[in-house]
Each structure stands twice: as C-alpha cells, then as structure tokens.
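The structure under discussion appears below in the form of structure tokens.
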Amino acid sequence: MTTLRLRPRRAAVFSLHTSPLEQPGTGDAGGMNVYIAQTARRLAAFGTEVEIFTRSTSSDIPPVVELAPGVLVRNVVAGPFEGLDKHELPSQLCAFAAGALRVEARHEPGYYDVVHSHYWLSGQVGWLARERWGVPLVHTAHTLAKVKNAALAEGDEPEPRSRVLGEEQVVAQADRLVANTAVEAADLVERYGAATDQVVTIPPGVDLERFTPGDQLAARAGLGLRPDAVVLAFVGRIQPLKAPDVLLRATAALLERHPELRRDLVVLIVGGPSGSGLERPEALHELAARLGITDVVRFLPPQGGDDLARVYRAADVVAVPSYNESFGLVALEAQACGTPVVAASVGGLPVAVADGVSGLLVPGHGTEQWAEALASVATRPRWRAELAAHATEHAATFSWERTTEALLDTYAEAKRAFHSRLRIEEATA
Ligand code: UDP
C-alpha cells in the first residue's frame, strides 16, 4: 500500500491523440480511453486529483470539461480541430506541449506532482513536462511499434521509424514504464532497452458493476434476436489489426461444415471504422457478401455502457481474433458478462483469457482453426456453460481499483527514482 504522504495531490495525465470524452470503439478511441477514464475516476476517489490533457478536436468543446468529481479534461488547441490523421500528430507535439505548459504556468509552482503519459506521442510531451516541472514521468505505451510491426495484418502499413525513435526516447526518459502484461514488460526491456526495475506490470481492470452476467434471453430480445439463435460477436474498432475478417471467414467455413446452423446463426460486428485498410466501413460488408454470409451478419455502430453489456450477454461467444493486442479489454468485459471468449493467442490475450477455462486461445488466424474453435464452444451448450461460469470468475480477478492502487504505488516509486536520478545528474554535472 502506498503511504498517504507519498500519494500525489494532483496528476497531469497526457492523452494527446484521443480523448476520454469520446465514445470508444471507433476511430482512435478504444481501450486506452477506457483505461484513462476508469483509472482517473478512481485516482480522484482515492484523493489524487487528475487533469487529463488531450488535443481538442472540435470548436464546440469547451477548454475544460469535468469528467467526474476531481477529474478535469483539458482540451488543448494544437492544430486544426478536424481532419488531422494520427500519423500527422507528431507535427503538433510542440503546439500541444506549449498549451500544457501554459496551463501549468497559471498555477503556483509544483501544481502537478506527477505526469502520466499514454502512448508515445504523449510520452514526448511528458518528457518535456518532466524536465520543465521537475516531476516524475510515468509512461504507458499501450502499443509498441516494434511489436506491432512484427505481427502486421495483411495489407497493414508498418509503423514508421520516427515512431520507433520517439518510443525509444520516451523509454529512456521515463522514471517508470507501466506495462499491461509481463510480455509487454519483456518487450520494453528486450526490444527497447528499458531497465528491468524501470518497468512495472499492472494489469488493467474491468468495470464489474456495468459488466455483469444477465438474462441472455432479455438481451437477445433487446437486440431483436431469436431466443434460440447461435450468436457470435465481435466488438471493437474495425481495423485490419483487430481482424474481424477472420471471424467472417471462419463463419463461412463453419456454415460449410454445419449447413444446419444457417437458420440459427447470427454474427454481430459491433464497432466503427478505424485505422488503415479496412477503414472503409463497406469493406467488411463486401467481404460478407463475397463469402455468401450477408444473411447471418449484422453490423452495429459502436455501443456504449449498458447497450454494450447487452451485446456481450446476448452472445454465445465473443471472438477476439486480433493480430496484436496489448491487453484486450473486450475479452475481459465479455467474460465479466458471463460470455466465453475465443481469442487469438497474442499479446495480452493469454492473460485476459484462461485457455480452456474461461474461453479458448487459438494459436494463429487460420480459417479452419477459427471455425473449429468457434463451433466447439458455440455448439456444445454444456461446455459453453462451464466456460461461462469460469469466465465470470476469471474476470472478477481484475478490477480498476486494483489497477489504480498499483498506479499510485508506481507514482511513489517514480518520485523516488526521479529524485535519485536528479542527485546523480547534479553530482556528475
Ligand atoms: N468499446 C465500446 N463500444 C464499442 C466497441 C468497443 O465502448 O462499440 C470499448 C470496449 O468496451 C473496450 C474498448 O472499447 O473497453 C476496446 O478496448 P480493447 O482493449 O479491447 O481494444 P483497443 O481499442 O484498446 O485496441
């Protein structure tokens, strides 16, 4: 437990490229937005005020918005509000940093006790704030270019060298690096040269009040689905890395093997376009048409809150076929709702899903493999029920409170590391 004395009064959280005010599940808004909003609420509840700095993307958004008691979102004007792609954002780092420094300068010295940056773009600004404000920098990468480039989906563009260089710099400057899983921690050490004691592994959480098991029939009725349907669901940003196409191909193969399922099968694809390649919303529709499965696939726009819980509850299986996933919050949320998950065995998913206990891990993206894995859960009600029971238990081992407690410990360690580095620098100056 962190001693109260070391708990920061106020944290500056940098989330340059995406705002916690946005609806996750489309564009650049996903798990990181959920992570930041959930931990910020709890940090505030534990007594650490949070100010989240993000780039303003609309002239309608006021400069400051209260997200929750003790949590402010500061919308910093840096570049045009609309039309800037994530790949163009490195050009706005200076403008964003200037905006953040201006806010701090309006306050008494020492207003922020710690900077926590999310994703490498924010890390760059966090590095500057660390130097300027004399406070520790904690950084969470969420995704790493070298890891992403090692597991690219077909047709996906590799991340540029400029991002790799930017990430390496942030790793070198941060007082603590937060990894979601031990695998990510090892990547930071082995691929980015982080020191082992610089990296802390903190699993993310899940909102166990919102995502609870519930009445599957009521959930299906709410979505206009038949009570006896066999429902597979994909939830997430529609982009090649998330591989919703793997689910569609597997569905076609499944129907070839089990033509009798055609009457009952429903595949829900929930989320909005994001990233490159499949960003044309019609691309997946076209694929479904080519595969001859339009009659079983239903596309839904990004869902929020209780509507999302309803999707998870309605499904027999939630599929997470991603090529890379630093953790995979969707997998945890589905399990918290009592729905088994079939997931690709990549990144954090082997932590998020207990293989053979709360769901299944598939070692690859082959159509046949996926068809078999999905069929094995969706068409065997007794086994599905066993997995469902364990899914809820497994998800309950994660919580945002625990994540936040661990973050507070990390802020305290970062402060110690910051001061010892400062002493060394002063001694050698
Ligand atoms: N999400 C949502 N509505 C949607 C689709 C996704 O709110 O229609 C949320 C989902 O609940 C999850 C997050 O977006 O918390 C996605 O996180 P995940 O770690 O699965 O993937 P990421 O987006 O970080 O790659």
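The values are calculated or read from the model by the stated rules, or taken from the named source; none is laboratory data. What you are looking at is a predicted structure, and each value in this text was computed from that prediction instead of being measured. Cβ placement follows ideal geometry from the backbone for every residue including glycine, while neighbour counts extend to all protein chains displayed.
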Item checked: Close pairs from the stretch 400-429: first more than 19 Å from Ala195 (Cβ to Cβ), partner charged (D, E, K, R) and part of a helix (DSSP H, G or I), Cβ under 7 Å, at least 6 apart -> Trp400/Arg42; Glu401/Arg42; Thr404/Arg42
Item checked: From Pro213, Pro204, Pro240, residue being surrounded by fewer than 24 Cβ atoms within 10 Å (Cβ to Cβ), in contact (Cβ under 8 Å) with a residue 40 or more places away in the chain, more than 27 Å from Gln369 (Cβ to Cβ) and in contact with a Gly (Cβ under 8 Å, 6 or more places away or on another chain) -> Pro213
Notebook entry, point to check: For the stretch 360-394, what are the residues that are under 25 Å from the mean Cα position of the chain (by Cα) and surrounded by fewer than 17 Cβ atoms within 10 Å (Cβ to Cβ)?
Noted result: Pro363, Gly364, Gly366, Ala389, Glu393
Item checked: Single condition Pro301 does not satisfy, out of (1) within 14 Å of the ligand (Cβ to nearest atom); (2) crowded, with 16+ Cβ neighbours inside 10 Å -> (2)
Notebook entry, point to check: For the stretch 1-39, which residues satisfy the criterion of being hydrophobic (A, V, I, L, M, F, W, C) and in contact with a helix residue (DSSP H, G or I) (Cβ under 9 Å, 6 or more places away or on another chain)?
Noted result: Met1, Leu6, Ala11, Ala12, Val13, Phe14, Leu16, Leu21, Met32, Val34
Check: So which residues in the stretch 351-402 are in contact with a helix residue (DSSP H, G or I) (Cβ under 6 Å, 6 or more places away or on another chain), part of a helix (DSSP H, G or I) and among the β-branched types (Val, Ile, Thr)?
Finding: Thr367, Val377
Check: Checking Ala12 against (1) closer than 22 Å to Val206 by Cβ; (2) touching a His at 6+ places or on another chain (Cβ under 9 Å), which single condition isn't satisfied?
Finding: (1)
Checklist line | In the stretch 313-342, the residues that are within 16 Å of the chain's Cα centre (by Cα), of a type in the set (Ser, Thr, Tyr) and more than 9 Å from the ligand (Cβ to nearest atom) | finding: Tyr323
Margin query: Every residue in the stretch 75-103 that is crowded, with 20+ Cβ neighbours inside 10 Å and not hydrophobic (A, V, I, L, M, F, W, C), please.
Written below: Asn75, Gln92, Gly99
Notebook entry, point to check: From the list Ala331, Ala388, Ala395, which one is more than 30 Å from Lys148 (Cβ to Cβ) and in contact (Cβ under 8 Å) with a residue 12 or more places away in the chain?
Noted result: Ala388
Check: Does the stretch 23-48 hold any residues that are at pLDDT 95 or above, within 16 Å of the ligand (Cβ to nearest atom) and over 12 Å from the mean Cα position of the chain (by Cα), and which are they?
Finding: Thr39, Ala40, Arg41, Arg42
Margin query: Quick check on my filter: what residues within the stretch 209-236 are hydrophobic (A, V, I, L, M, F, W, C) and either modelled with pLDDT under 95 or part of a helix (DSSP H, G or I) (or both)?
Written below: Leu217, Ala218, Ala219, Ala221
Check: If we scan the stretch 343-352, do we find a residue that is within 26 Å of Pro273 (Cβ to Cβ), more than 14 Å from the ligand (Cβ to nearest atom) and not acidic (Asp, Glu)?
Finding: no
Next item on the list: Working only within the stretch 119-148, note down all residues that are out of contact with any helix residue (DSSP H, G or I) (no Cβ under 7 Å at 6 or more places or on another chain) and closer than 20 Å to Gly31 by Cα.
Entry: Ser122, Thr140, Thr143, Lys148
Notebook entry, point to check: Can you pull out the helices (runs of 4 or more DSSP H) entirely within the stretch 107-198 that have at least 3 residues that are surrounded by 19 or more Cβ atoms within 10 Å (Cβ to Cβ), touching a Pro at 6+ places or on another chain (Cβ under 6 Å) and touching a residue at least 12 places away in the same chain (Cβ under 8 Å)?
Noted result: none
Next item on the list: Could you list all residues from the stretch 49-74 that are at pLDDT below 95 and surrounded by fewer than 15 Cβ atoms within 10 Å (Cβ to Cβ)?
Entry: Ser58, Ser59, Asp60
Item checked: Some residue of the stretch 60-71 being within 16 Å of the ligand (Cβ to nearest atom) and under 21 Å from the mean Cα position of the chain (by Cα) -> yes
Next item on the list: Report yes if some residue within the stretch 276-297 is within 16 Å of the ligand (Cβ to nearest atom), more than 16 Å from the chain's Cα centre (by Cα) and free of Cβ contacts under 8 Å to residues at least 12 places away in the same chain; otherwise report no.
Entry: no
Notebook entry, point to check: When you go through Ser19, Ser15 one by one, which is the residue that is among the polar types (S, T, N, Q), touching a residue at least 60 places away in the same chain (Cβ under 8 Å), under 21 Å from Leu128 (Cβ atoms) and crowded, with 21+ Cβ neighbours inside 10 Å?
Noted result: Ser15
Notebook entry, point to check: Is the stretch 227-236 home to any residue that is free of Cβ contacts under 8 Å to residues at least 40 places away in the same chain, surrounded by 15 or more Cβ atoms within 10 Å (Cβ to Cβ) and away from the ligand (no atom under 14 Å from the Cβ)?
Noted result: yes
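Being more than 16 Å from the ligand (Cβ to nearest atom) and among the basic types (Lys, Arg) is the requirement here; does Arg310 meet it?
no
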